[in-house]
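What follows is a set of notes on a single structure, which appears directly below.
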Amino acid sequence: MRIRTLPAAVATAALFGSLLLAASPAVADTNVPIGVGNVNDTVVDGAHQHLYMSTGDGIAVVDYVGKVVTTLTGLPQVSDLQLSADGSTLYAAVTGADKIVAFDTATLGQTAAYPTGAGTAPRHIALTQGRIWFGYGDQWDSGLGEIDLTADPATVRLDLAGDHDFASTPMLYADPANPDTLVALDGGISSGPIVVYDIASGTPVIRVTADEGGFYSDAAFTPGGQSIVVVGQGRRAAEEYRLSDLAKVHDYPVNDQTETVTVAPDGTIAATSLDTDNTGDTYVFPGGADAPASVRNLSDSWMPWGGHTTAWSADGTKLYVLTGSSGSMQFQTVSEPRKYVAKLAVNAPATATRAKTLTVKGTLTTGLKPPAGTPVNIVRTDMLSPSGKSLGTTKLGANGAFSFTDAPPAGGKVRYTVTYPGDAAHTSASASDTVAVSRATPALTLTNNKKTYAYGKKVTFTAHLGTTYSNRTVEIWADPYGADKPNKLLKSAKVDAHGNLSTSVTMSRDTAVKAVYKGDSRYAPRTVKSNAYAHVKIAASLSKYYKTGTIGSTRYRYFHKNTDAILTTTMTYYTGRKQRLDLQVYSEGRWYTTGSEYFALGTNGKSVVNLGHAGTSGIRARVRAVYVDPSSGDSVNTNTIGAWQYFYFSN
């Protein structure tokens, strides 16, 4: 959109309103995805709070937060857009249909269509004195035409370029504040001039023309319509030219090739750049050509804008910028565009000693430096002040640098946050850095480390906490071995007057027991662990014997020499667990191992094994069940050896 100037009294009110707004708390900028393709032109409709964007074969109607409300379709290769002076009608150049169409901005319905002639391909339009001026054609076949809306029916005239032969479709600009003037930019070649026409008679007459480097990509009038600001290829500034003689009035420098430009009702200029070095793509000149630009980096990629995609809000308080490319377009709203972006950097030491003085340094950077002595606010956040504690202010030096000292009363992670509140010319800024402040290590112990217990034994574990500052709470956790049993909090409480806290664990598995102290502002967190071990429970019995008796002092089960001895073992069950059976035979005063083999347990923990028969009388044997970590198939318990079962084969 070529923003129209407001009447002087209204423009002054808008300016003072913006200054008052700038003094209020900062409003956040926004950046939202927008579902449009590459945009040729953008017009802002303040009365209906819409933006109209020509894209592809339609016009996207977008609200102020970047949501596409609707799309006006059936407009092949729609390009330039213009609002009527009263804002009631939107005009669009439909290049692919050789016509200019009109829409009611209240209903968004089409109200008129003005054919411009077969093959004319109108691309650029401007409105003034009840006429639509349009640039049409392609390259050296381009021309200037007019639709007279005051005639009934409207009439169309072509070939009105006068003495200039356009090398490309002329880009047209007109302003109601300067109604007898039409500006045409011949942007297709390097020698393309700016042509200023006098249209007071209804037929364009060249008033002044000058070659200003051609390759124009966008332009906008200054308030009052007496100067035009142009951007384009090869220009590292938005260039302002006076229309009376096309003398250059000002350069508004940017970091790279200029791409788009828009001028607010108060004369504030916004321009975008290609920004190949990613140092800033959107420049606002809030104080005239001699003031530095307020720079924002709205996109981290190259920004070769293909159309007029930067626009002020109708009241000039916000700046709308489209970034990205088709399929990933972003709708950016700069809420306080006239303010210079302030950035804070804070640098605190990585580590420090509690209660000892440390120094924090930093810098405020901005395109327009605040005066030396400007205060910035300091807040310390730590364990004693989790919501933050104000440390007052420190003052900026002439170069924006600042420093302050502090002796942190609490250890642990200490964050220093510095905030610049902003002012009428600057955005607010905030930054922080953290310091790891030392804390003493408390004494913490836990009983029963590396001890082994019978299955099912209830064991008391006692944690002892030494001196601390404020926190006297200890947690005791038990983590049984095996993935099927979770780590469990057994007890969390303050230690007693002797620093002790106790709880019990029933030992059915090996268990890692932990005592956890979470620290306080002077003592660091600490965790200690005791690994306690539990045997499995084993029971074994022989069957099919015919009597019992003793040999020496040992009790035996007697089997006939041809009867198989059956051993039934019951062992604490765990998934995949196996028992190991050890078999020994007595000979010549000694026990000899004749077999050692693993047998799987059933889900009930039982295993029945046929040990066979001797076939000979007088044979003494013994057997036992054993759990071996990890050979028994798991590591949930500690090694456990069952009792020997003795048996004797007789006739």
Of all residues being charged (D, E, K, R) and loosely packed, with under 12 Cβ neighbours inside 10 Å in the stretch 448-487, which is nearest to Asp510 (Cα to Cα)? Just the residue, please. Lys450
Does the stretch 399-422 contain any residue that is modelled with pLDDT under 95 and either in a strand (DSSP E or B) or of a type in the set (A, V, I, L, M, F, W, C) (or both)? no
Checking Ala184 against (1) over 18 Å from Ile100 (Cβ atoms); (2) touching a residue at least 12 places away in the same chain (Cβ under 8 Å); (3) small (Gly, Ala, Ser), only one condition comes out false. Which one? (1)
Only one residue in Ala345, Ala372 is modelled with pLDDT of 95 or more, small (Gly, Ala, Ser) and part of a strand (DSSP E or B). Which one? Ala345
Can you name the strands (runs of 3 or more DSSP E) wholly within the stretch 515-565 that have at least 1 residues being over 30 Å from Tyr627 (Cβ atoms) and either in the same structural domain as Lys578 (by TED's automatic domain parsing) or at pLDDT 95 or above (or both)? 526-534, 547-551, 554-560
Return yes when Ser79 is touching a helix residue (DSSP H, G or I) at 6+ places or on another chain (Cβ under 8 Å), surrounded by 17 or more Cβ atoms within 10 Å (Cβ to Cβ) and more than 18 Å from Gln332 (Cβ to Cβ) and no when it is not. yes
Filter the stretch 488-503 for residues that are surrounded by 14 or more Cβ atoms within 10 Å (Cβ to Cβ) and not aliphatic (A, V, I, L, M) and give the result. Lys491, Ser492, Gly499, Asn500, Ser502, Thr503
Restricting the first residue to the stretch 32-46 and requiring it to be in a loop (DSSP other than H, G, I, E, B), which pairs with a second residue that is among the small types (Gly, Ala, Ser) meet a Cβ separation below 6 Å and a spacing of at least six or different chains? Ile34/Gly66; Val36/Ala60; Gly37/Gly56; Gly37/Ser326; Asn38/Gly306; Asn38/Ser326; Gly46/Ala314
Of all residues in the stretch 274-294 being hydrophobic (A, V, I, L, M, F, W, C) and assigned to a loop (DSSP other than H, G, I, E, B), the one that is surrounded by the most Cβ atoms within 10 Å (Cβ to Cβ): Ala293
Which pairs turn up if I take residues in the stretch 334-355 that are over 17 Å from Ala431 (Cα atoms) and touching a residue at least 40 places away in the same chain (Cβ under 8 Å) and look for partners that are charged (D, E, K, R) and not in a loop (DSSP other than H, G, I, E, B) with beta carbon separation below 8 Å, at least 6 apart in sequence or on another chain? Val334/Arg296
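Yes or no, residue by residue, for (1) under 26 Å from Asn255 (Cβ atoms); (2) buried (at least 21 other Cβ atoms within 10 Å of the Cβ):
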residue	(1), (2)
Phe331	yes, yes
Val334	yes, yes
Lys343	yes, no
Lys369	yes, no
Pro375	no, no
Thr394	no, no
Asp406	no, no
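The values are calculated or read from the model by the stated rules, or taken from the named source; none is laboratory data. Keep in mind that what you see is a predicted model, and the values were worked out from it rather than measured. Glycine gets a Cβ as well: all are built from the backbone with ideal geometry, and neighbour counts include every protein chain shown.
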